[in-house]
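Asks: Structure below; questions to follow.
The values are calculated or read from the model by the stated rules, or taken from the named source; none is laboratory data. Because the structure is a prediction, the values reported are computed rather than measured. For neighbour counting, all protein chains shown are included, and Cβ atoms are generated from backbone atoms with ideal geometry for every residue, glycine included. Note: accessible area is taken over every heavy atom of the protein model, side chains too, but ligands, DNA and RNA are not part of it. Shrake-Rupley method; radii C 1.70, N 1.55, O 1.52, S 1.80 Å.
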Amino acid sequence: MVEGLLEVPSDPARLLESHQLSALRLHLSQEMDKLSQFEKLGFFIISPDRISIASMRDENIGTVNLIHQQRKDLLDKVFNGEMIMIPPIVSDVILETGTGQITTKGATMFFVSPIRNADNKVIAALALRINPARGFSRLTQFGRMLKSGETYAFDNTC
């Protein structure tokens, strides 16, 4: 499906009218329903030129990807074959905070994996969005070592 979508010109109108995008949205929404432990906020299929060629949101289609704009270094690792977690970045969608407030500049994070063709070449990236105030916070609650049981998640910007 992704190979077919990569053949569609990457302007928003052409991508949005493509049957390849419709098929990918249906398939990924069904697969994401299986991930019940996370709040399902959406996905990106990112082309090698860092354009969002698939997303549940029409506004993202044919635009420079959010992850590339804020964490190019990490997205480059995915296109070199690594599966990675993108630590919290500023979201492009309205989110609910951990305290239930609505914010337009909230934090979001992603798990990103390379998409490979039959020749094992990385042709795109799949990014699954999660709300760090929900799913990721639950993950860190399970960590428990020594006496305090505190768990921290950080990157080189901390």
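Asks: Go through the residues of segment 29-40 one by one and say whether even a single one is open to solvent by 80 Å² or more (accessible area, probe 1.4 Å), within 19 Å of Ile130 (Cα to Cα), assigned to a helix (DSSP H, G or I) and not β-branched (Val, Ile, Thr).
Replies: For segment 29-40, residues open to solvent by 80 Å² or more (accessible area, probe 1.4 Å), within 19 Å of Ile130 (Cα to Cα), assigned to a helix (DSSP H, G or I) and not β-branched (Val, Ile, Thr): present.
Asks: Mind checking whether some residue in segment 41-51 is out of contact with any strand residue (DSSP E or B) (no Cβ under 6 Å at 6 or more places or on another chain), open to solvent by 40 Å² or more (accessible area, probe 1.4 Å), in a helix (DSSP H, G or I) and closer than 19 Å to Ser113 by Cα?
Replies: no
Asks: Please go through segment 55-68 and give me each residue that is within 13 Å of the chain's Cα centre (by Cα) and either buried (at least 20 other Cβ atoms within 10 Å of the Cβ) or part of a helix (DSSP H, G or I) (or both), ordered by number.
Replies: Ser55, Asn60, Asn65, Leu66, Ile67, His68
Asks: Counting just the residues of segment 13-28 that are assigned to a helix (DSSP H, G or I) and crowded, with 17+ Cβ neighbours inside 10 Å, which one comes out modelled with the lowest pLDDT?
Replies: Among residues in segment 13-28 that are assigned to a helix (DSSP H, G or I) and crowded, with 17+ Cβ neighbours inside 10 Å, the one modelled with the lowest pLDDT is Leu28.
Asks: Considering segment 52-65 alone, what residues qualify as being among the polar types (S, T, N, Q) and under 18 Å from Ile115 (Cα atoms)?
Replies: Those that are among the polar types (S, T, N, Q) and under 18 Å from Ile115 (Cα atoms): Ser52, Ser55, Asn65.
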